[in-house]
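Chemist: Right, I'll just put the structure down here and ask away after.
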Amino acid sequence: MLKALDALARREGLTDAAAKVTKMDVTAWRCSCGALTERQRPDCTQQRHGGRSLTVVKRFFCCRSCKRRAYTLDSSYPSRNCAHCGGNDYDRTPLAGPGPRVNVHDGVACREALRPRGEEHSFALNSLR
């Protein structure tokens, strides 16, 4: 039981750490045709384009309209419109993504509202005396 709880605590710690990361350094490939990608493109390899490997900053974004995620390589803001909805308004988002948020109003308590022992009822508290 303790091993399972330790694994869950470790996973939660990693998730919390990933929620704080909004940019990271990655190794990218710049082809002689001008393409900048995380991996060398197969069509560039077939056409024998020259290129080089370099370290760039990868930033994560979320479309305001449709909430789809996007990222940029070596650019501070996405230069293209959203591939899904065509919008051009983006918000910075963490690596792990915001994830679904459940409010108390939906009938289920959000994480911050949960208590380790659950709801304390008056009839249960009176039975301890």
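Chemist: Looking at (1) on the phi > 0 side of the Ramachandran plot; (2) of a type outside the set (Phe, Trp, Tyr); (3) over 20 Å from the mean Cα position of the chain (by Cα), which one does LYS67 not meet, given that it meets all the others?
Modeler: Just one mismatch for LYS67, condition (3).
Chemist: Let me ask something additional. Mind counting the residues in the stretch 15-64 that are at pLDDT below 90, of a type in the set (Gly, Ala, Ser) and not in a loop (DSSP other than H, G, I, E, B)?
Modeler: Selection size over the stretch 15-64: 3.
Chemist: Looking only at the stretch 65-99, count how many residues are assigned to a strand (DSSP E or B) and not polar (S, T, N, Q).
Modeler: 7
Chemist: Moving on. Being in contact with a strand residue (DSSP E or B) (Cβ under 9 Å, 6 or more places away or on another chain) and either surrounded by fewer than 10 Cβ atoms within 10 Å (Cβ to Cβ) or free of Cβ contacts under 8 Å to residues at least 12 places away in the same chain (or both) is the filter here; which residues of the stretch 1-25 pass it?
Modeler: Selection gives ASP25 alone.
Chemist: Looking at this structure, is GLN46 exposed (fewer than 11 other Cβ atoms within 10 Å of the Cβ), without any contact (Cβ under 8 Å) to a residue 24 or more places away in the chain, out of contact with any Asp or Glu (no Cβ under 9 Å at 6 or more places or on another chain) and at negative phi?
Modeler: Against the criterion (exposed (fewer than 11 other Cβ atoms within 10 Å of the Cβ), without any contact (Cβ under 8 Å) to a residue 24 or more places away in the chain, out of contact with any Asp or Glu (no Cβ under 9 Å at 6 or more places or on another chain) and at negative phi), GLN46 qualifies.
The values are calculated or read from the model by the stated rules, or taken from the named source; none is laboratory data. Quantities reported herein were computed from a predicted structural model and do not represent experimental measurements. So basically every Cβ, Gly included, is an ideal-geometry build from the backbone, and we count neighbours across all protein chains shown.
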